[in-house]
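First the structure, in the form of structure tokens, and then the observations on it.
The values are calculated or read from the model by the stated rules, or taken from the named source; none is laboratory data. Just so you know, these numbers come straight off a predicted model, no measurement behind them. Cβ sites come from the backbone with ideal geometry, for glycine too, and all protein chains shown count toward neighbours. Please note that ligands, DNA and RNA were not included when accessible areas were found on the heavy atoms of the full protein model with its side chains. Shrake-Rupley method; radii C 1.70, N 1.55, O 1.52, S 1.80 Å.
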Amino acid sequence: MSYPSLVSLWRYPVKSMMGEELNATDITEKGILGDRKYALIDTSTGKLANAKNPIKWPNMFDYRAVYMDPIEDSTKLPPVRITFPDGSWGATTDDDVSQRLSEKLGRPVQVTATSDQQSDVQFEGYIPDLEGLNNRKTIFTRSSPEGTFYDIAMVHLLTTASINKMRELIPESRIEVRRYRTNIVIDVPDESGFVENNWVGKTVRIGNDVVLEVTQPCVRCIMTTLPQGDLPKDSAILQASVKYNNGAMGVYAKVIRTGRIYRGDKIVVE
């Protein structure tokens, strides 16, 4: 019998920008260390710059964010390097980086860390005109969990079984992990279909230390359809999630026990 294992690990230093793949990381009470610790705040509205609303923020995925040094102290994060679409870059510590981003994005933004954000923040999302969705062609507003730039929960899990199922359902589409901006990808070699749907209410043990509790399915949004890198725009990806899995792809989890995890760690769901 083959056991589930952690096969891919991701963090996104700046909300709604491309991120970085890891071989190991610490899991804190607020998720993967360094994940979504920075964001761009639209200074004209006070809301997060967010690819969930591509009408206002159409090019967020053209930017990539990585930490410039390994994170050794959770209370003092190193600067993040932001690479612009033209290949130039700036650091979150640069005095002019917010101005440069504002000029490129066409809206006034300020690079902000969660430690500098004194109150909860809101973000907007656009519901596209796709069959099966409610309130199509409208914009909604929600609040991030207190003290974070997350949408709903601290950790997002996705299985290889779900990825493979989507590839089976829409073979003409390119179904890749980066479409879903997940944190932890779990290989489940002996299962098929959207297996993590059955994990809601259960615990997921990763390696020797970390314990997560799965809280709810992750209902997907327009972000999964947007182009990023060599991946083209593809509305079929969201349509398939709605048609075959109530709009979900993966699950959210909260952290029950912190610790360090590694690619290749054994996973136990119970």
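Residue count for segment 116-137, restricted to those that are of a type outside the set (A, V, I, L, M) and surrounded by 12 or more Cβ atoms within 10 Å (Cβ to Cβ): 9. If you go through segment 159-184 and keep only what is of a type in the set (A, V, I, L, M) and either assigned to a helix (DSSP H, G or I) or within 21 Å of residue 14 (Cβ to Cβ) (or both), you end up with 161, 163, 166, 169, 177, 184. For the subset of segment 98-129 comprising residues that are part of a loop (DSSP other than H, G, I, E, B) and touching a helix residue (DSSP H, G or I) at 6+ places or on another chain (Cβ under 7 Å), which member is modelled with the highest pLDDT? My answer is 108.
Of the strands (runs of 3 or more DSSP E) lying entirely inside segment 1-97, those containing at least 1 residues that are open to solvent by 10 Å² or more (accessible area, probe 1.4 Å) and aliphatic (A, V, I, L, M) span 5-11, 20-22, 24-28, 38-42, 64-67. Among all residues of segment 173-191, there is none that is exposed (fewer than 15 other Cβ atoms within 10 Å of the Cβ), within 24 Å of residue 127 (Cα to Cα) and polar (S, T, N, Q).
Would you check if residue 139 is β-branched (Val, Ile, Thr) and closer than 25 Å to residue 177 by Cβ?
No: the conditions fail for residue 139.
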